[in-house]
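This report refers to the structure that appears directly beneath it.
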Amino acid sequence: MLIPRIVQEDRYQYKIENIRIENVLHRKYCVFDLEGTGPDEKHDHITQIGAIFVENGAIDYSRTFVSLVKSPKRIPPEIEKFTNINNLDLESAPAFKEVMRDFFDFIGDDAILVAQCGFEYDYHLLSNEWIRNEMMGVQLMTMDTKVLFAAIHPEIKATYSTDFLLRYYNIDSDDVPRHNALGDSILVARILCSILKEYKQHQIQDLNVDRELLIQKYIRTPLS
């Protein structure tokens, strides 16, 4: 697998290239989501990490990860209400480095890390937390459901938000909590499986994008 590279970015969109995943239908994917103190990946901090595995195009509900993360920054009241994570919850939560050790053990050596809007928020926030905690040199295989969708639907001009993709694939979301790291990971895993099903229908065995993909950003607000 090649490491995707963002070649141009502004507030509203980015272009990404260097995309290749061999045997895309049968790879092992670790789908994850982050909750934070706010939408600013430069100055906010992670408060919760959730993840679940997808392998051979199916979700493994027996392999999940979820943990609160102690934050040096207090959660604003509106974010507490939005995520149902409050500052009292974080007082006894493990530190970021401790959670990362457990998370790396969970991911393993051969899984591709997948997020929704990952190249816009989650990977930036995660990278900034690594730097702040002096965890340099971490290298993981990463992908974004938005990029996977755009690779087969360049004709659809949208931000490919989570709600858009849930509607597009008619995915049920009533059985899991939203704005919860594990709950959202499960929904993103369902989106990933729907995308992989389309890849199978199009007989795509290897994803190889030899052009720059233009991705419209989802403009995040404190309550989205």
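Here, each number is a calculation from the coordinates, and none is a lab measurement. In this text the structure is predicted, and so the values were computed from the model without any measurement. Don't worry about glycine lacking a Cβ; one is built from the backbone with ideal geometry, like all the others, and counts go over all protein chains shown.
Quick notes on this one:
- For region 67-75, 3J(HN,Hα) per residue [Karplus equation, 6.51 cos²θ - 1.76 cosθ + 1.60, θ = phi - 60°, Hz, x = Gly/Pro]: 7, 6, 9, 5, 10, x, 10, 5, 7
- Local electrostatic count, Phe82, Cβ distance below 11 Å [Lys/Arg +1, Asp/Glu -1]: -1
- Around Asn208: net Lys/Arg minus Asp/Glu count, Cβ-Cβ under 13 Å: -2
- Put simply, the amide H of Thr47, placed in the peptide plane, has neighbours under 5 Å in Glu35, Gly36, Thr37, leaving out anything fewer than 5 places away on its chain.
- The chain, helix-only ellipticity at 222 nm - DSSP H runs n ≥ 4, -39,500 (n - 2.57), divided by all residues, nearest 500: -9000 deg cm²/dmol
- DSSP-defined beta bridges in the chain - what % are antiparallel, rounded to 5: 80 percent
- Counted by Cβ distance under 12 Å from Ile131, the other residues give a net charge of -1, where Lys and Arg count +1 and Asp and Glu count -1.
- Residues whose amide H falls under 5 Å from that of Ile112, counting only those 5 or more places apart or on a different chain, are Lys28, Tyr29, Cys30, with hydrogens built in the peptide plane.
- Residues in region 85-94 carry Karplus couplings, in order, of 10, 10, 4, 5, 4, 7, 4, 9, 6, x Hz; the curve used is 6.51 cos²θ - 1.76 cosθ + 1.60 with θ = phi - 60°, and Gly or Pro positions show x.
- Cα-based convex hull, the chain, per residue volume (Å³, whole number): 121 Å³
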